[in-house]
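Worksheet: one structure, shown below.
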Amino acid sequence: MSKVEFPTVNISEWNPFRTSTVSGLFFYRHLQASNLLRLPDYGGLELNPAQRRLALENAVVANKPMTALVVFLNVVALEDLIRNLGIQLSNSKDLQALFSKINELNTTTPKVPDPNKPSKQLDKDPFSILDYIELNKKYYSVLGVEPIPAAEHPRLYDLSIIRHTVAHNGSVIRPIDEARFQYYDVKANQTINPPIAFVNETTNYLFNIGIAFEKNIRYQVFQTVFNKYGKDALKTKSKIVIDLIELFNFFGFLPQNNNAVGITTEEQASIYKSNYDELIGRCFDELYRIHFTDGVITTN
C-alpha cells in the first residue's frame, strides 16, 4: 500500500536558537508558542488601533482552543526539557565518573518497533517526570539537588492535567478530573479557554520554572566538578568543563565551524577560533564568578 504524503507549507523563519540543544529547543518552543498570540493588525472598519487590537484579541479567545493550545505547548516544552536534560546528563561519560547513579536520570527506555503495532509507544519513562515529588527525590538521590520547589507542585500538577485535557479531551474538563485540581478552581465540563492575559502570565511562569530547573541542576553539576578539581579545571581549560559548557548551552552557544557564503575556509577558521576563544573565556570567567567569587568553593 502506497503512502500518502503529509502536506507541509514551508514558511521562511529566522531562528536564533540552537534547537539541537536542550535549552535552545526549549527557548524556541517557548517563542513559537508565544508567537501564536502576536496577531497582525488588519485594520479596516471604523475602529481606532486600540479597538482593532481588542477585537483581534477577542477573536482569538472566541477561536478556541487557541489560547489553550499555547498553554499546552508550554507545558509540553517544560516536560521535554526535563526529559531531554536527564537523558543528556546520563549519557555524559564525565558525569558518570562523578555521579554513580547518573544513569537513573535517563527517563526513556527504548523498545524495538513492532511492525504490527505501528502506533505503539516506543519508549517509556522509568519514573514519572510529571510526579514532581518523585522527580525531586530522584534528582536528590543522584545529584543532591531538588530542582523544583515544593511550593510549585500544585500549580504544575494542575497544568499537567490541563495539558492532558487539551491533548485528549477536546479541552473540556472531565468530571473525573475535577477533584484532582489542587491550584485552580475548575468545574466539570468546563472548557479550557483562558483569556490572553492569563495565558501570557502562565507562559512566563512555565518558562521561569524551566530556567530555574536547568539552572539548579547546572549549578550543582559544576559545583561538584570544581569541588573535585578546584580552580585548576578553569586555569587549564579542562575538557570536562568545556564539555559541560556545551551540554548546558552555557552563555549562549559556541559557534559552529560552518563556512559562510563568500568566506574562505581559512578566513572562517580564523573567525571561528577568535569567537570560540572569546566565548570560552567569557564562560570560564562567569563560572569563576559564580562558583569561586560568589560561591562557597575554597579549593585552590
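The values are calculated or read from the model by the stated rules, or taken from the named source; none is laboratory data. Values in this document were obtained by computation on a predicted structure and should not be read as measured data. Don't worry about glycine lacking a Cβ; one is built from the backbone with ideal geometry, like all the others, and counts go over all protein chains shown.
Give me a count of the residues in region 224-244 that are in a helix (DSSP H, G or I) and of a type in the set (Lys, Arg).
Count: 3.
Could you grab the pairs with beta carbons closer than 6 Å, sequence gap of 6+ or different chains, first residue in region 180-208 and farther than 17 Å from Ala167 by Cβ, second one of a type in the set (Lys, Arg) and part of a helix (DSSP H, G or I)?
From region 180-208, the pairs are Tyr183/Arg155.
Somewhere in region 59-66, is a residue in contact with a helix residue (DSSP H, G or I) (Cβ under 9 Å, 6 or more places away or on another chain), at pLDDT below 75, assigned to a helix (DSSP H, G or I) and surrounded by fewer than 16 Cβ atoms within 10 Å (Cβ to Cβ)?
Yes, the conditions are met somewhere in region 59-66.
Does region 241-263 contain at least one residue that is farther than 19 Å from Arg18 by Cα and modelled with pLDDT of 65 or more?
Among the residues of region 241-263, at least one is farther than 19 Å from Arg18 by Cα and modelled with pLDDT of 65 or more, which makes the answer yes.
Of the residues that sit in region 187-242 and are surrounded by fewer than 18 Cβ atoms within 10 Å (Cβ to Cβ) and acidic (Asp, Glu), which one is nearest to Leu105 (Cα to Cα)?
Checking each candidate, the answer is Asp232.
Taking region 147-174, which residues are over 16 Å from Lys187 (Cα atoms), hydrophobic (A, V, I, L, M, F, W, C), part of a helix (DSSP H, G or I) and touching a residue at least 40 places away in the same chain (Cβ under 8 Å)?
Residues satisfying the conditions are Leu156, Ala167.
Conditions first: (1) more than 29 Å from Thr19 (Cα to Cα); (2) at pLDDT 75 or above; (3) in a helix (DSSP H, G or I). Ser100 passes all but one, so which condition is the exception?
(3)
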